[in-house]
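Enquirer: Encoded as structure tokens, here's the structure I'll be asking about.
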Amino acid sequence: MKKLLILMLAIVMVVGLASCGKEAPAAGSSSTAAAGSSEDNSAAVTGGGSGDTVKVGVSMPTKSLQRWNQDGDNMKKELEAAGYEVDLQYAGDNEVPLQVTQIEDMISGGCKVLVIAAVDGSQLGSPLAQAKEAGIPVIAYDRLIMNSDAVSYYATFDNTKVGEMQAQYIVDALGLETNKGPFNIELFTGDPADNNVNFFFGGAMSVLQPYIDDGVLVVPSGQTEQAQASTEGWNTEKSQARMENLISAQKYGPSGTKLDAVLSSNDSVAQGITNALVTSAGYTAENFPILTGQDCDVASMKNMLKGLQTVSIFKDTRTLASQVVTMVDAILKGTEPSINDTATYDNGTGIIPSFLCDPVVCTIDNYKALLIDSGYYTEDQLQ
């Protein structure tokens, strides 16, 4: 009997152990899956470590302007150096439907943060609503995205200051504080769909308007409103066409009506103005009007070296890219990104926390230190 009881107990123990052995792999699989999920989430937050799959979406408006190519390249380089995978897309030639599709693809493709320089900051409501629903933070890059509560942060340059600098350069170059003129000026700004135009043109006019009111500055065309001065798509050909129309209507030229200055909000617009003044009015470096710009594009810097553009506002896209990378990194690590403006930029849903980088005036006198010595360009690129 004892032998029988011992045998039965042994059988029970064997069955019990076999049962535990069958359950162990299932428990182990569940534990392993949980650990793997935890590791994946950790990688998604920190963006560091081997096997990292954290993806950041970067949406740029166009490849047709030099500055956006530089912005995209700098952003990709900086983010990859920080350990992130980058989905960089350009929206053709400022094509809103294409940008919408690309952003939607970034969302479905697993991007954890979106950095968006909008073609039109008022037409991204649908994809941004998807981003918000998916819990994906959005950083508006250089152009504020309007009327969307999905925008988490805004990174840009101080765009009001850009306009103020351009206008102040004109004031100082013409000596308007003491020289009462009158001086003739025409006004150009950019795409009305670009919210930055409000700051560029608004900043410039805050400086120029008192001189216009006093008659020290005269706008012969009478086109002083932002809508009248706008250039769709920041397009060089369109600014050239408008300048040619002004030349014809006002008889501008070395032997005609004197044109003392042209306010241009950026370089692509300034290049069209230059083309018109040279080819349609016969201006040369010796009698060229004061002409402003922004971005220090290669073509405009070459014009500046020829005496065919006077000033450009330098916005070092490397600085902006670096700042955005620190913002992305902070977001993914669950900390608060560095911001320095909580009052200026209301996108229609409230003030967007922003970081503003400082622009710098670039002229023939300091371009080497700003652009060449800093490695932004090589000498050969500006020849």
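Enquirer: Check every one of the helices (runs of 4 or more DSSP H) wholly within the stretch 61-148 and list those with 3 or more residues that are at pLDDT 95 or above. Steps first, answer last, please.
Expert: Working: elements: 66-81, 96-108, 125-133.
Here the list reads 96-108, 125-133.
Enquirer: Here's something else I'd like to know. Is it the case that some residue within the stretch 167-189 is on the phi < 0 side of the Ramachandran plot and within 16 Å of the chain's Cα centre (by Cα)? Write out each step before concluding.
Expert: First pass over the stretch 167-189, keeping only residues on the phi < 0 side of the Ramachandran plot: 167-174, 176-180, 182-189.
Restricting the remaining residues to those that are within 16 Å of the chain's Cα centre (by Cα) gives none.
There is no residue in the stretch 167-189 that is on the phi < 0 side of the Ramachandran plot and within 16 Å of the chain's Cα centre (by Cα).
Enquirer: Is it the case that some residue within the stretch 331-344 is closer than 14 Å to residue 144 by Cα, out of contact with any strand residue (DSSP E or B) (no Cβ under 9 Å at 6 or more places or on another chain) and in a strand (DSSP E or B)?
Expert: No, the stretch 331-344 contains no residue that is closer than 14 Å to residue 144 by Cα, out of contact with any strand residue (DSSP E or B) (no Cβ under 9 Å at 6 or more places or on another chain) and in a strand (DSSP E or B).
Enquirer: Going by the conditions given, is residue 154 touching a Phe, Trp or Tyr at 6+ places or on another chain (Cβ under 9 Å), within 23 Å of residue 325 (Cα to Cα), not basic (Lys, Arg) and not in a loop (DSSP other than H, G, I, E, B)? First the steps, then the outcome.
Expert: Working: touching a Phe, Trp or Tyr at 6+ places or on another chain (Cβ under 9 Å): yes; within 23 Å of residue 325 (Cα to Cα): yes; not basic (Lys, Arg): yes; not in a loop (DSSP other than H, G, I, E, B): yes.
Judged against the criteria, residue 154 is a match.
Enquirer: Also, I was wondering about something else. Of all residues in the stretch 157-197, which are in a helix (DSSP H, G or I) and under 30 Å from residue 115 (Cα atoms)? So that I can check it myself, show each step before the final result.
Expert: So in the stretch 157-197, the residues in a helix (DSSP H, G or I) come out as 159-174, 196-197.
Scanning the stretch 157-197 gives 159, 160, 161, 162, 163, 164, 165, 166, 196, 197.
Enquirer: Further, regarding this structure: So, restricting to helices (runs of 4 or more DSSP H) that lie completely within the stretch 198-302, which ones have at least 3 residues that are modelled with pLDDT of 95 or more, outside the structural domain of residue 344 (by TED's automatic domain parsing) and farther than 24 Å from residue 159 by Cα?
Expert: Values: elements: 226-229, 236-250, 267-279.
Ranges flagged: 236-250, 267-279.
Enquirer: Restricting attention to the stretch 345-383, report how many residues are assigned to a loop (DSSP other than H, G, I, E, B) and aliphatic (A, V, I, L, M).
Expert: Looking only at that region, the number is 2.
Enquirer: With respect to residue 329, is the statement that it is within 15 Å of the chain's Cα centre (by Cα) and touching a residue at least 40 places away in the same chain (Cβ under 8 Å) true? So that I can check it myself, show each step before the final result.
Expert: Numbers: within 15 Å of the chain's Cα centre (by Cα): no; touching a residue at least 40 places away in the same chain (Cβ under 8 Å): yes.
No: the conditions fail for residue 329.
The values are calculated or read from the model by the stated rules, or taken from the named source; none is laboratory data. Computed from a prediction, not measured in an experiment: that's the story for all the values here. Using ideal geometry, Cβ is built from the backbone for each residue, glycine included, and neighbour counts are taken over all protein chains shown.
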